[in-house]
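Reviewing the structure listed below.
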Amino acid sequence: MSTNKVYGDRPNTIRLKELPSRWDYAEPEYQNGIPEVFPIDQSLHSLFGASKAAADLLVQEYGRYFGMPTCCLRGGCLTGPNHSGVELHGFLSYLVKCHLEEKPYKIYGFKGKQVRDNIHSADVSAFIYEFYQAPRVAEVYNLGGGKDNSCSILEAFDRVCAMTGLPHLYTYINENRVGDHICYYSDLRKMKAHYPNWKIHRDLDQILHEIVDSWKARLDPQ
């Protein structure tokens, strides 16, 4: 289980276009998202991202050098109803928790238009099972929700408010986190080509409904 953080801040070098509620890629090459051939070096990584990149390369090397079936899944925002999100990890889960607690959510830069793709844990498990049934050697896949399951912070606010009827509280900090991606969503075409029986079953609204229901139960168990 690797991470999209192996790409460091290189995705921020892609030319972007600013839309009313999100940033998006302006270059046609990336209209489907970030592919697995996107460079991972010559960029700023967190120590977490650097450690994952090291493990990622070792797993690939065991596959290529020894002919072993190995796989690196460069995960995006992996989530689900049991996700215990915190401020720096678990974007949707933490956003919903703040919303239901009526606690201001902190937006760090990029006008709140930064984009992530989100994938349900069941769809993650389903792909792992597909790979287990027909393993390949030294493979790498960008495992995320893809463009259809992507959203910005502002768009997530709107979707959650529509589900709960509550207003969303937030504070804006005009400084982004170091190395943070402005826009990132996974190109799923390679995964779907190699494993045509796999697809995303839970769309973004279903993911959010499950997270909202889960946090309601956890915050008010009565």
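The values are calculated or read from the model by the stated rules, or taken from the named source; none is laboratory data. As the structure is a prediction and not an experimental result, all values here were calculated from the model. Ideal geometry is used to build each Cβ from the backbone, glycine not excepted, and the neighbour counts take in all protein chains shown.
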Notebook entry, point to check: Which residues, taken from the stretch 98-126, are buried (at least 16 other Cβ atoms within 10 Å of the Cβ), among the aliphatic types (A, V, I, L, M) and out of contact with any helix residue (DSSP H, G or I) (no Cβ under 8 Å at 6 or more places or on another chain)?
Noted result: V115, V124, A126
Next item on the list: Kindly indicate whether any position in the stretch 115-133 is among the hydrophobic types (A, V, I, L, M, F, W, C), under 22 Å from K17 (Cα atoms) and modelled with pLDDT of 95 or more.
Entry: yes
Note to self: Among (1) in contact with a Gly (Cβ under 6 Å, 6 or more places away or on another chain); (2) farther than 30 Å from R10 by Cα; (3) among the charged types (D, E, K, R), there is one condition D187 misses while meeting the rest; what is its number?
What the structure shows: (2)
Check: If P221 satisfies every condition in (1) touching a residue at least 12 places away in the same chain (Cβ under 8 Å); (2) surrounded by fewer than 18 Cβ atoms within 10 Å (Cβ to Cβ) but one, which is the exception?
Finding: (1)
Next item on the list: Just need a number here: residues in the stretch 161-179 that are surrounded by 15 or more Cβ atoms within 10 Å (Cβ to Cβ) and in contact with a strand residue (DSSP E or B) (Cβ under 8 Å, 6 or more places away or on another chain).
Entry: 3
Next item on the list: Check Q31 against each of (1) crowded, with 20+ Cβ neighbours inside 10 Å; (2) more than 16 Å from H181 (Cα to Cα) and name the one condition it does not meet.
Entry: (1)
Checklist line | Any hit, the stretch 203-212, residues being within 30 Å of T70 (Cα to Cα), without any contact (Cβ under 8 Å) to a residue 40 or more places away in the chain and either basic (K, R) or surrounded by fewer than 18 Cβ atoms within 10 Å (Cβ to Cβ) (or both) | finding: no
Note to self: Would you confirm, using the coordinates I've provided, whether L95 is more than 16 Å from D180 (Cβ to Cβ) and either crowded, with 20+ Cβ neighbours inside 10 Å or out of contact with any Pro (no Cβ under 6 Å at 6 or more places or on another chain) (or both)?
What the structure shows: no
Check: When residues of the stretch 25-52 are filtered for being of a type in the set (A, V, I, L, M, F, W, C), in contact with a strand residue (DSSP E or B) (Cβ under 8 Å, 6 or more places away or on another chain) and at pLDDT 95 or above, how many remain?
Finding: 2
Notebook entry, point to check: Do you know which residues across the stretch 127-146 are farther than 15 Å from M1 by Cβ and surrounded by 15 or more Cβ atoms within 10 Å (Cβ to Cβ)?
Noted result: E130, A138, G145, G146
Check: Among helices (runs of 4 or more DSSP H) lying entirely in the stretch 135-222, which contain 1 or more residues that are under 27 Å from K103 (Cβ atoms) and at pLDDT below 95?
Finding: 204-219
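Residues are listed down the side, and each one gets a yes or a no for (1) at pLDDT 95 or above; (2) of a type in the set (A, V, I, L, M); (3) loosely packed, with under 15 Cβ neighbours inside 10 Å; (4) more than 20 Å from G144 (Cβ to Cβ):
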| site | (1), (2), (3), (4) |
| --- | --- |
| R10 | yes, no, no, no |
| W23 | yes, no, no, no |
| D56 | yes, no, no, no |
| V59 | yes, yes, no, no |
| M68 | yes, yes, yes, yes |
| G76 | no, no, no, no |
| E87 | no, no, yes, yes |
Check: Within the stretch 1-56, which residues are more than 22 Å from I107 (Cα to Cα), among the polar types (S, T, N, Q) and either out of contact with any Lys or Arg (no Cβ under 6 Å at 6 or more places or on another chain) or in a loop (DSSP other than H, G, I, E, B) (or both)?
Finding: Q31, N32, Q42, S43, S51
